[in-house]
1. Taking region 59-79 as the region of interest, how many residues are modelled with pLDDT under 90 and within 16 Å of the chain's Cα centre (by Cα)?
2. If I filter region 121-128 for residues that are at negative phi and buried (at least 18 other Cβ atoms within 10 Å of the Cβ), do I get at least one hit?
3. Yes or no: H91 closer than 30 Å to V271 by Cα and open to solvent by 40 Å² or more (accessible area, probe 1.4 Å)?
4. How many residues are open to solvent by 30 Å² or more (accessible area, probe 1.4 Å), within 16 Å of L79 (Cβ to Cβ) and either outside any helix (DSSP H, G or I) or polar (S, T, N, Q) (or both) when one looks only at region 134-185?
5. What single numbered condition from (1) in a helix (DSSP H, G or I); (2) at pLDDT below 90 fails to hold for W209?
6. Please go through region 170-194 and pick out each residue that is farther than 23 Å from G154 by Cα and of a type outside the set (S, T, Y).
7. How many of the residues making up region 19-53 are polar (S, T, N, Q), open to solvent by less than 70 Å² (accessible area, probe 1.4 Å) and at pLDDT below 85?
8. Report yes if L86 is touching a helix residue (DSSP H, G or I) at 6+ places or on another chain (Cβ under 6 Å), open to solvent by 50 Å² or more (accessible area, probe 1.4 Å), aliphatic (A, V, I, L, M) and in contact (Cβ under 8 Å) with a residue 40 or more places away in the chain, otherwise no.
Amino acid sequence: MLIFKQLILSFLLPAVVGGGIFILAKSLVSKRESDHKKDWFSGWLVAVGLSTGYIVGYIGLEGSPPLQPREGVHWLCYLAIIGLILGSFWHSSRLGRLIVQIGLSIVIPRLLLNSAFKYTWGQFEGVIWWACLAVAIFIFWHTVQQSFTILPAGGSSPFVYFGLSGGTALIFAVSGSLRLAQHTGILVAFFAASWIITLVGQRAENNKWQVFPLGVAPVVALLLSGIWMNGYFYEEVPVASALLLAAALFLAPVGRIERIQQLGARRSTIVQIGVIALPVVIAIGIAVARSGLFG
């Protein structure tokens, strides 16, 4: 009964809530004439769908987030809220985006890994980790933004992030972190719902949507970065698996190689997604081998 309740609260309900908002967002997209305000609002609604879906799932798993987070996991709900706020003005100023990205990339490691800074690392070691993580978050955030335009329009983007979050959840599960696997499963539920809705919409209207606008990038980047840091520093996720997951999106520009584009739209998309999926599959294999699941 408890497992069934967790499935409802942490997977089905977030998918319904996030998917419902996603449908509303896509119904507002102007199809004939460019309507800047309507397109901005529909794009922001996609970010609302992802962040709201995650917050609903978080509350289903953890209850209300504490006002003074004691664990790294407690910050994930607040990262979703921050991403939602940022998504509302993420199209406005490139300089403003850059300043916010730099600031949050510096602050987030200190918030999520407070216990490691206090009790595990020395002063010099802590500064090195802090600098490296800040740079890594900033680069990954930029990569997420680029992936929304590099990946082909239509179902490619939600499918790639469905596979990335699904692989993350599986790695956490076999590494003994069912709690983080459930949190990642909330993202899996949203990306699966958005992928299915996009496919149905394409067939019904015979067009291809740019599914994830720029305003969704803060929510995706902050949540995945927060989940991965919790998994690596507080759980038993293998180092190689964590690095491969983080590196998967860096392979998205493969689809822009001229020789691959000559294969045609369908085949080049398959190659591009396959190349991105390869490190995720290897990461899963490493985690399974390290878990001793097959002796």
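The values are calculated or read from the model by the stated rules, or taken from the named source; none is laboratory data. As the structure is a prediction and not an experimental result, all values here were calculated from the model. Cβ placement follows ideal geometry from the backbone for every residue including glycine, while neighbour counts extend to all protein chains displayed. Just the protein is used for accessible areas: all its heavy atoms, side chains included, with ligands, DNA and RNA removed. Shrake-Rupley method; radii C 1.70, N 1.55, O 1.52, S 1.80 Å.
1. Count: 1.
2. Checked against the condition, which is being at negative phi and buried (at least 18 other Cβ atoms within 10 Å of the Cβ), region 121-128 yields no hits at all.
3. No: the conditions fail for H91.
4. Selection size over region 134-185: 0.
5. Evaluating W209 over (1) in a helix (DSSP H, G or I); (2) at pLDDT below 90 leaves (1) as the failure.
6. Of everything in region 170-194, those that are farther than 23 Å from G154 by Cα and of a type outside the set (S, T, Y) turn out to be L170, I171, F172, A173, V174, G176, L178, R179, L180, A181, Q182, H183.
7. Selection size over region 19-53: 2.
8. Spelling it out, it is not the case that L86 is touching a helix residue (DSSP H, G or I) at 6+ places or on another chain (Cβ under 6 Å), open to solvent by 50 Å² or more (accessible area, probe 1.4 Å), aliphatic (A, V, I, L, M) and in contact (Cβ under 8 Å) with a residue 40 or more places away in the chain.
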